[in-house]
Amino acid sequence: MVDSSHPNLPTQDEATLLLLSEGVIREFEKAEEGFLHILMAYNSQNIQNRRKVIGTKNIKAKNHGITARNFLRYCRAASLVPNLLNIENLQDCIASVLPPRDKEERKFYETCVLIKQYETEGDFSSLIPLDPYKGEPDLKLHHLQLIFGRIAIQSIRDIDDPVLQVRTLLFDKLKLGKGQELGPGLSVTYSTDYQSDVSLGSIEDPEDVMADYEHKQMVSRKDMRDDMNLNEVVKQTPPLPTIEDVIKMLDDERVPQVPPVPPIVQENPPPYALPVTQFALPKPPEPKPKNAMPQRSNKKKEETAADRLKFAPLPGSFIPSLPDKPRYEKFFELKQSLACNLYPETAKQCLVNPGVHPCIIREILLPPPSPPGIGTLIESCFVYQNNYNYPMALMSLDNAKREWQDFDGSDDLKPEIDLFFEITRGAIYQSCNKDGLALAQYFSCKASSDKLPFNHPDKALIWCGLGSVLFHLGHYSIALRAYLMAKKIRERTIGGDTVDTASVYNNLGVCMFFLERYQESHAYFQLAEAILDMLLGPHHPRTLTAKQNIAKVKRQSVMGMPEFKPLWQKQYVDPYPKAKKKGKKKGKKK
């Protein structure tokens, strides 16, 4: 049994017992959407990337939280501190819900980090990224509920009912109810904010964007910071398009629209013109005669100990020696070593979380045949990109393009060569999470793509790049249209049974998944997995990605039955009822 001093449980006092009542929990459930907006607006990754990279669905699925100092920023923006309670009471509420578990968290409360942050931070609305503090508590969704409940009980004294106290704070003062407008403190704007996950907002000055990137701290997968000024590398930035410009380009190029959801058609719709189909009951089994003789069983006679008796061999006869290990143990060791060599960790799902959303497959760019010396610079660019040194990757790419122009004696390269350099630059921007610059770069590649012949397969690269960056920005319907255009081009130029086309099929399935069209997503994943399995084998990373996407989409309502109205109901008698056990008959006394 867990006592009240367990570090993962809040302090079990009278306030906690009041907040765990049924009425208060119902009020918390009604305000869940507002709590998720708080977690999204003040998430550390969103603040650090200066834009919304994590939405409410991702926060709810992965249980992301916010730091205590960012929560203090919200309390100040929502006028909770110091109007309803002071900073000391807020720290006590957080400490009651999240007691310290170790020495570092205890030091966080004892040194009064929140109070110092409150006294020193003047402009709390600018949301400057904070340096990580060791031992700072991470507030999840259930922690916010209990903290707001404690604030309501302590600050609203004119009401005695805890349910009404929580309702007054959450819905009347903070506007956290479902369907209400954004309450105070939730209208957060970042330096490179796109205003929402649906639209990109207005046109921004590229010089201002690059100036913001100078102070931006970007955390890579190796927890390394990239503070290098990109103004030294990026000489010219393409104009940043709006979402309206992207949609206009798609319409001008006659990109396929998002297909409508296939309707569910009943076989016998009202007014039920077809006759009712009646199914015959199965025939009951034939009754056994009462005086039937019992059949003899053909079971073999059980082996007795005397049958298993073996006599010792005669003296001097050959006795074979038993092996050191049985055969099944040897085969088991071989099987284990074979599984370790053939099946990588991605196949065994050791490196991924099988419960997260499906992932897209990005394009692998193959450089065209290059003059001697230039291929080394292009290879260096890819090596720097894989090692998260993005400024050096851009410098190597620019040097390679400049030397190629000097080799040809002209600034105008061939269309396929120029398109390769521009698409590679957009891929580098996308690798370092600068999706705004990546979108602008892919958008500017349209001029180079138009110079290619009609049946050139590289015309699909621009649509694959646009689909990838629009997908990461949250515009799933527009990304789906871009991938549909790439699918159309590749099926026309290289055929549908190729690796590149199968990758587009997989990406179409991911876009369908985020549009909650799970049956079409499952069909695209199955098609991509079949082609990749045939061409690349079952253990290739792309094939494994498609297989894992199939496993993830099966967790959704992909196999759900369509809604229909039952036309009739019929009762029938079970033809095979369970027979009652007969009791043993007592023998007659002689």
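The values are calculated or read from the model by the stated rules, or taken from the named source; none is laboratory data. What you see is a predicted model; the values in this text were computed from it and never measured. Reconstructed Cβ throughout: ideal geometry from the backbone, glycine too, with neighbour counts over all protein chains shown. These accessible areas exclude ligands, DNA and RNA; they are computed on the full protein's heavy atoms, side chains included. Shrake-Rupley method; radii C 1.70, N 1.55, O 1.52, S 1.80 Å.
The number of residues in region 370-396 being touching a Phe, Trp or Tyr at 6+ places or on another chain (Cβ under 8 Å) and surrounded by 14 or more Cβ atoms within 10 Å (Cβ to Cβ) comes to 7.
Could we say that residue 361 is modelled with pLDDT of 85 or more, crowded, with 17+ Cβ neighbours inside 10 Å, β-branched (Val, Ile, Thr) and over 30 Å from residue 555 (Cβ atoms) here? So residue 361 fails the test.
Each residue in region 498-530 was checked for being within 16 Å of residue 363 (Cβ to Cβ) and surrounded by fewer than 24 Cβ atoms within 10 Å (Cβ to Cβ), and 4 pass. Of 480, 452, 473, 461, all but one fail to be surrounded by 21 or more Cβ atoms within 10 Å (Cβ to Cβ), over 19 Å from residue 513 (Cβ atoms) and of a type outside the set (Val, Ile, Thr); the exception is 461. Checked against (1) more than 30 Å from residue 512 (Cβ to Cβ); (2) open to solvent by less than 50 Å² (accessible area, probe 1.4 Å), residue 427 passes all but a single condition, namely (1).
Sort out which residues of region 236-285 are without any contact (Cβ under 8 Å) to a residue 12 or more places away in the chain and within 30 Å of residue 395 (Cα to Cα), and write them in order of number. Across region 236-285, the qualifying residue is only 236.
Can residue 50 be described as buried (at least 16 other Cβ atoms within 10 Å of the Cβ), in contact (Cβ under 8 Å) with a residue 60 or more places away in the chain and among the charged types (D, E, K, R)? Taking the combined requirement at face value, the residue satisfies it.
For region 88-116, a tally of residues being buried (at least 19 other Cβ atoms within 10 Å of the Cβ) and closer than 30 Å to residue 171 by Cβ returns 9.
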